[in-house]
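Input: a single structure, listed below in structure tokens.
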Amino acid sequence: MSEIEEGRVGGFTVQIDRLICVGFGDCIEVDPTPFQFDDEGIATFRKELDGVDREALVEACRLCPVDALTVLDPDGEQLVP
Ligand code: SF4
């Protein structure tokens, strides 16, 4: 089962599996530009996704301890996890 939220961030496609996310907050700590907590303490996208640094984004997603974040580059190649 999954509850995928998908966003276009800096030309990349980023998916948050909100059923896997346990709200540790590592992604938000490393790169708060695209991510925030919702009212339930689960990661979600911010409304405004402009100005995201790609390297910081990929690093933030790599650090998710439960692999709740997937990143695809503009060619559809999976960079994370
Ligand atoms: S690092 Fe992973 S588990 Fe932690 S808030 Fe972000 S998506 Fe959720």
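The values are calculated or read from the model by the stated rules, or taken from the named source; none is laboratory data. Only a predicted model underlies this, so the values are computations on that prediction, with no experimental measurement involved. All Cβ positions, even for glycine, are placed from backbone atoms using ideal geometry, and neighbour counts span all protein chains on display.
Summary of computed values
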| item | result |
| --- | --- |
| Residue within the range 2-18 that is in contact with a strand residue (DSSP E or B) (Cβ under 9 Å, 6 or more places away or on another chain), in a loop (DSSP other than H, G, I, E, B), in contact (Cβ under 8 Å) with a residue 24 or more places away in the chain and within 15 Å of the ligand (Cβ to nearest atom) present | yes |
| Odd one out for G51 among (1) at pLDDT 95 or above; (2) assigned to a loop (DSSP other than H, G, I, E, B); (3) of a type outside the set (A, V, I, L, M) | (1) |
| Residue list for the range 25-50, restricted to those being hydrophobic (A, V, I, L, M, F, W, C) and out of contact with any strand residue (DSSP E or B) (no Cβ under 9 Å at 6 or more places or on another chain) | V30 |
| Single residue of E40, E55, E59 found to be out of contact with any Leu (no Cβ under 6 Å at 6 or more places or on another chain), under 15 Å from P81 (Cβ atoms) and free of Cβ contacts under 8 Å to residues at least 40 places away in the same chain | E59 |
| Selection count, the range 5-26, where residues are farther than 23 Å from P74 by Cα and among the hydrophobic types (A, V, I, L, M, F, W, C) | 5 |
| Unique residue being assigned to a strand (DSSP E or B) and more than 7 Å from the ligand (Cβ to nearest atom) when the list is T33, T70 | T70 |
| Search result, residues across the range 8-29 that are in contact with a Lys or Arg (Cβ under 9 Å, 6 or more places away or on another chain) and surrounded by fewer than 18 Cβ atoms within 10 Å (Cβ to Cβ) | G11 |
